[in-house]
Amino acid sequence: MAGQFTELVNDLGYAKTFYPHSRVTQYLNGLASRIYLGIYRNKKEESSRILRFWKTELPMVIYRYRREILWAFLIFVLFALLATFSAAHDETFVRGVLGDDYVDMTEDNIARNDPFGVYKQDNGLNMFTYIVLHNVKAAFIMFIGGFLLGVGTVWFLFENGMMVGAFQYYFFARGLGWKSVLVIWIHGTLEISAFIIAGAAGLVLSNSILFPGTHKRLHSVRQGAKDGLKMMIGLVPIFTVAATLEGFVTRYSAMPVWVSLLILLCSLTFIIWYFVIYPVRVHKKLNTV
């Protein structure tokens, strides 16, 4: 049928050129339409559009911009290490980053032998709603910061990196370091990873403005914004799961160590697999077909 359709289209093109008003041309046009519908009406798609996005489109975008993700990760880690170094040499640094109210509240919780009581102040549903909305909003602001030639995105990476570094040092300095890792990084693994990728999306956008290459700048910006937006859409479920863990699971700070480790390792494994290993496999598969 496909072969006949190709031949029929050639005949139709000839008829439209030399006999545009002929009844034969009308007949060929109708016949071509029926065959076309016969071929494509029952065409089986490999998967739905949404499934294809997660299986192919997003991983390919992640692979294409793996350097930006690496740079965002390195920038974040650099600022976190700078915050750790600064906190170790200046006792007031942690208060300057986290705020006096937060530090005083945490000191009171430590004195009551409940250092992670901040995660128990509200009911799980309220915490979940606030956290997921706040994090998604903050991530999109980080992405939009790419329009400021990347300065806005780097600034937000700076802020988040400094907060994580100061926050983690604060607990280690009080002998609660590993306990904080087992509790806070239950949700922090997904949350911080998502913020780093949001920073990478912002770098993608800024690079499309600064380095259009052989494309017109407007076309480059459109492509960068489109790819960056795909990355941001891919982060929404991750922020949702992280907020679920923070709102409903992290509050149980006295849970068995093996449970904390299991959740943490599952989160870390997913991030490494989907954003590092799987994109490489998809790229190799599509380029060997």
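Considering the chain as a Gaussian network with a 10 Å cut-off on Cα pairs, which listed residue, Leu229, Leu31, Leu245, attains the greatest mean-square fluctuation?
Among Leu229, Leu31, Leu245, the largest mean-square fluctuation in the Gaussian network model of the chain belongs to Leu31.
Multiply the residue separation of Leu74 and His134 by 0.36 nm, subtract the distance between their alpha-carbon atoms, and state the gained length in nm to one decimal. Mind dumping the intermediate values first?
Working: separation 60, 0.36 × 60 = 21.60 nm, distance 2.42 nm.
Full-extension gain reported as 19.2 nm.
Probe radius 1.4 Å, ligands and nucleic acids ignored: give me the carbon and sulfur share of the accessible area of the chain as a rounded percent.
Working: 11190 of 17170 Å².
Its accessible area is 65 percent carbon and sulfur atoms.
In square nanometres, what is the average projected area of the Cα convex hull of the range 198-246? Provide the component values of the computation, followed by the final result.
Values: hull surface 12.9 nm².
In nm², the orientation-averaged hull projection of the range 198-246 is 3.2.
So how tilted is helix 278-288 from the main axis of the chain? Cα-based, degrees 0 to 90, rounded to 10.
20
Cβ under 14 Å from Arg281's Cβ, Arg281 left aside: what net charge do those residues give with Lys, Arg +1 and Asp, Glu -1?
Details: positive: Lys55, Arg66, Lys284, Lys285; negative: none.
Once positives and negatives cancel, what remains is +4.
Below 8 Å between Cα atoms, with a sequence gap of 6+, how large is the relative contact order for the range 1-108 in percent? Provide the component values of the computation, followed by the final result.
Working: 22 pairs, mean separation 18.0, N = 108.
Computed value for the range 1-108: 17 percent relative contact order.
Could you work out how much longer the chain between Lys285 and Val236 gets when fully extended? Use 0.36 nm per residue separation minus the Cα distance between them, nm to one decimal.
Values: separation 49, 0.36 × 49 = 17.64 nm, distance 2.66 nm.
The Lys285-Val236 span can extend by a further 15.0 nm.
When only Cα pairs under 8 Å and 6 or more residues apart are kept, what is the percent relative contact order across the chain?
After rounding, I find 26 percent.
Within 10 Å, at most 15 other Cβ atoms, and a DSSP state outside H, G, I, E, B define an exposed site. Report the longest part of the chain free of exposed GluC sites (Glu not before Pro).
Values: sites that count: Glu45, Glu46, Glu91.
With a cap of 15 other Cβ atoms within 10 Å, the longest stretch comes to 92-289.
With the other protein chains left in place, how much accessible area per residue, in square angstrom, belongs to the chain at a 1.4 angstrom probe?
Details: 17170 Å² over 289 residues.
Each residue of the chain exposes 59 Å² on average to a 1.4 Å probe.
Pull out the extension gain between Arg52 and Ile277, defined as 0.36 nm times the separation in residues minus the alpha carbon to alpha carbon distance; nm, one decimal. Kindly include the intermediate steps, with their values, before the conclusion.
Working: separation 225, 0.36 × 225 = 81.00 nm, distance 1.78 nm.
Difference between extended and current length: 79.2 nm.
The values are calculated or read from the model by the stated rules, or taken from the named source; none is laboratory data. Treat the numbers as computed from the prediction; the structure is a model and nothing was measured. Please note: Cβ atoms are built from the backbone with ideal geometry, for glycine as well, and neighbour counts cover all protein chains shown. Quick note on the areas: whole protein, heavy atoms, side chains included, nothing else; ligands and nucleic acids left out. Shrake-Rupley method; radii C 1.70, N 1.55, O 1.52, S 1.80 Å.
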